[in-house]
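Visitor: Before I ask anything, let me first share the structure, which is written out below as structure tokens.
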Amino acid sequence: MATEVPAFSPHVPSTELRGSGGLTPPGPVLTRFFGTPGLYTLAVYRDHGGYRSLERALKEMTPQEVHAQVKASGLRGRGGAGFPTGTKWGFVPADVPGPRYVVVNFDEAEPGTTKDRYLVENCPHQLLEGACIAAYAVGAHQVWIYIRGEYDHPYRILLEAIEEARQQGILGERPFGVDYPLDIQLYRGHGAYICGEETGLLESLEGKRPQPRSRPPFPAVKGAWGRPTLMNNVETLSTLPWIVEHGGQAYHALGTDRSGGTRMLSVSGDVRRPGVYEIPIGVTFRHVIMELAGGPPPGRQVKVFWPGGSSAPVLPASMLDVSTDLDELARVGSMGGSGGVIVADDSRCVVKAAARLLRFYAHESCGKCTPCRVGTDWAVRTYRRILDGEGSSADLQILDRIQASLQNGRCLCGLGDSGGWVIMSTMRHFRPEYEAHALRRQCVTGECERQGAADA
Amino acid sequence: MALSARAIEEIRSLPPRFPHLRSAVPPALDIAQEELGRLTPEAMTEVAEALGLDPGYVEGVATFYTLLHTQPLGRHHLYVCTNLSCTLRGAEEICHHLRRLIGVKEEREISADGLFSYEEVECLGACEYAPMLRCDGRYYYDVTPQKLEALIQGWRQEAGNGD
Ligand SMILES: Cc1cc2nc3c(=O)[nH]c(=O)nc-3n(C[C@H](O)[C@H](O)[C@H](O)COP(=O)(O)O)c2cc1C
Ligand code: SF4
Ligand code: FES
């Protein structure tokens, strides 16, 4: 029988989780206690110092002091855009009366990305504590965790963790005896990638069709139910207890100058040890792919990798020595994105892989703006022609036109750009493969002949 | 098919949990789908009435999402991930094998015994265990044709149809 996650027992220690909990030693920040039996329980988490940072923030620090530590940490959002977290917090207006919210983005649907599930399954309280710290810093009392609908097991884990925190009075009217009421609610998604996009998520949370909003106003000013809202990713928030405990500077020192700290990378595809790994930012992709994840299967070479989820432009194997630093990735034409590292070896057809991803973007396009709705669909049909051996030079020109029309602000949200980047980056680095397919009906790897290109 | 009085009661109790009424729509649809196995037109109308909303609005929300179904499905509906990481690790073969095992030609077709249907879905956030699938609220990891066969056989036996 396939390994299964039992239905009503969140008490499955994630020992068989691959990555820093098992095969490599725990990392320095997010995974430092991973592998400890029962870490998902409040009791064990507290034994390891859990919730001391929240207590300290509430009792000894002003919201401004917490904010200052986060600014000093150099932490940048782990949801995809890599926006400096301290700066984002500063956008939430201080002086608007009435409710305001912290919304946790736990939609995690970027292809290749599994780290938020890994963090929550192992240590749900770390997220809850981080979310409460963020709430205190921006003056919110209510946290909403938006969790993708398919995550049944993490959902039950969080339900139980929230219940435990309520029973202990950590959530409630007077956490640690301080007059700062805190509450956390869960909201389940129902299967749509666009709900990870911040304004799509807000529409979904409000019970509407999740089509992104035009900005401004930004969510910080007018977010959930029209109120000031701070939205952060699960990993971003899970980092906060450590930052409050050790100080922003100490966190910053773990990473690079412009990208502080550590981050989680989920490595999948053609590697021997797929898994989730915590790395100090600045190590190279060669280290991540070849050392941590064990490199490609025997007899194979890495051909191409997506450094930050399917939306991050691809890099060829010749760029394995690129650093995981966010600015460094931007300099070589890609991005740190969601930390989902997808590896394909030299037996793989890049055109086929790109075609599969365009099918994803076309399927998940919410349809609100024309370049994305029409462009992604047109790309799918063009790829199909090429893979079916009916391509021509005109098709390559079409792909070029589509990628250009999806990028640079022509679409309402980042989904359009992402689809464009897949086409652009695979064509940039693997032009001869596209030409062989479209002009000579040849797959240079032979993969398409072996498997039948039609199902791509 | 119509909703039970209990389900309607439960749906009516949802709105106070949220700052605005409309946030109750997706959880209400969950309750309806849980009871009926899918969202029938009548059920969507009843959800709308219970919440005091327009049926068209409720249907508009329902039809956006992969996890809300307006068509009937097999008792065990398998969501097989076929996004890139799973495809690199054999998801196409898994789908092919699954179709043969349950005797269907395409997605959402129900097997003759009513037990199974399947659908190819996008990344389920468990790529380190690729290929993987989700069924009945659980994730199944590192799926192979053999494991799939054992799984299907297990469900058949559970339903008393096994040999
Ligand atoms: C199409 C699309 C999908 C996204 N999906 C996610 C997601 O699943 N999880 C996430 O945290 N951020 C996602 N993002 C990024 C969010 O819009 C947002 O930037 C992020 O949640 C902010 O949190 P951070 O600052 O902590 O990174 C997505 C963005 C786009 C354009
Ligand atoms: S870019 Fe695509 S997904 Fe984003 S709003 Fe436009 S149509 Fe919707
Ligand atoms: S690609 Fe299948 S779980 Fe991510």
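Visitor: Among the residues of region A:200-226, write down those that are farther than 18 Å from A:GLY98 by Cβ and within 14 Å of chain B (Cβ to nearest Cβ).
Guide: Step one: filter region A:200-226 for residues farther than 18 Å from A:GLY98 by Cβ, giving A:200-201, A:203-204, A:207-216.
If the condition is that a residue be farther than 18 Å from A:GLY98 by Cβ and within 14 Å of chain B (Cβ to nearest Cβ), then A:GLY200, A:LEU201, A:GLU203, A:SER204, A:GLY207, A:LYS208, A:ARG209, A:PRO210, A:GLN211, A:PRO212 are the ones that fit.
Listed here are the residues, each with its yes/no results for (1) of a type in the set (A, V, I, L, M, F, W, C); (2) assigned to a helix (DSSP H, G or I); (3) crowded, with 24+ Cβ neighbours inside 10 Å.
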| site | (1), (2), (3) |
| --- | --- |
| A:LEU237 | yes, yes, yes |
| A:GLY260 | no, no, yes |
| A:GLU278 | no, no, yes |
| A:PRO297 | no, no, no |
| A:TRP306 | yes, no, yes |
| A:SER311 | no, no, yes |
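Visitor: From A:VAL103, A:VAL143, grab the single residue that is within 14 Å of another protein chain (Cβ to nearest Cβ), in a strand (DSSP E or B), farther than 29 Å from A:GLY419 by Cα and among the aliphatic types (A, V, I, L, M). Break it down stepwise before answering.
Guide: Values: A:VAL103 fails: farther than 29 Å from A:GLY419 by Cα.
Only one candidate qualifies: A:VAL143.
Visitor: Follow-up question, since we're still on this one. What pairs come out if I take residues in region A:172-199 that are within 10 Å of chain B (Cβ to nearest Cβ) and pair them with residues that are part of a strand (DSSP E or B) whose C-beta lies under 6 Å away, six or more apart or interchain?
Guide: These pairs meet every condition: A:GLN185/A:TRP144; A:TYR187/A:TRP144; A:TYR187/A:TYR146; A:ARG188/A:ILE147.
Visitor: If you scan region A:273-291, which residues turn out to be over 18 Å from the mean Cα position of the chain (by Cα) and more than 17 Å from A:MET319 (Cα to Cα)?
Guide: A:ARG273 - this is the single residue of region A:273-291 that is over 18 Å from the mean Cα position of the chain (by Cα) and more than 17 Å from A:MET319 (Cα to Cα).
Visitor: Next up: Just one of A:GLY391, A:GLY409 is touching an Asp or Glu at 6+ places or on another chain (Cβ under 9 Å), small (Gly, Ala, Ser) and not in a helix (DSSP H, G or I); which is it? Lay out the reasoning, then the answer.
Guide: Values: A:GLY391 fails: touching an Asp or Glu at 6+ places or on another chain (Cβ under 9 Å).
Answer to the check: A:GLY409.
Visitor: Another question, if that's okay. At least 1 residues that are more than 13 Å from chain A (Cβ to nearest Cβ) in each: list the helices (runs of 4 or more DSSP H) lying fully within region B:32-90 that qualify. Write out each step before concluding.
Guide: Details: elements: B:41-51, B:55-62, B:84-88.
Passing ranges, in order: B:41-51, B:55-62.
Visitor: Still on this structure: Exactly one condition in (1) under 24 Å from A:ARG148 (Cβ atoms); (2) more than 16 Å from ligand 2 (Cβ to nearest atom); (3) touching a residue at least 40 places away in the same chain (Cβ under 8 Å) is not met by B:TYR57; state its number.
Guide: (3)
Visitor: Inspect region A:172-191 for any residue being within 16 Å of ligand 2 (Cβ to nearest atom), at negative phi and in contact with an Asp or Glu (Cβ under 9 Å, 6 or more places away or on another chain) and give the result as yes or no. If you could, list the steps in order and put the result at the bottom.
Guide: From region A:172-191, those within 16 Å of ligand 2 (Cβ to nearest atom) are A:189, A:191; that's our starting set.
Narrowing further to those that are at negative phi: A:189.
In the following step, the residues that additionally are in contact with an Asp or Glu (Cβ under 9 Å, 6 or more places away or on another chain) were identified as A:189.
Yes; the residues of region A:172-191 include at least one that is within 16 Å of ligand 2 (Cβ to nearest atom), at negative phi and in contact with an Asp or Glu (Cβ under 9 Å, 6 or more places away or on another chain).
Visitor: Over 17 Å from the mean Cα position of the chain (by Cα), buried (at least 24 other Cβ atoms within 10 Å of the Cβ) and of a type outside the set (A, V, I, L, M, F, W, C): is that true of A:ASP270 in this structure?
Guide: Working: over 17 Å from the mean Cα position of the chain (by Cα): yes; buried (at least 24 other Cβ atoms within 10 Å of the Cβ): yes; of a type outside the set (A, V, I, L, M, F, W, C): yes.
Taking the combined requirement at face value, the residue satisfies it.
No lab work stands behind these numbers, since they all come straight from the coordinates. For clarity, every value in this text was computed on a predicted model and none was experimentally measured. Ideal geometry is used to build each Cβ from the backbone, glycine not excepted, and the neighbour counts take in all protein chains shown.
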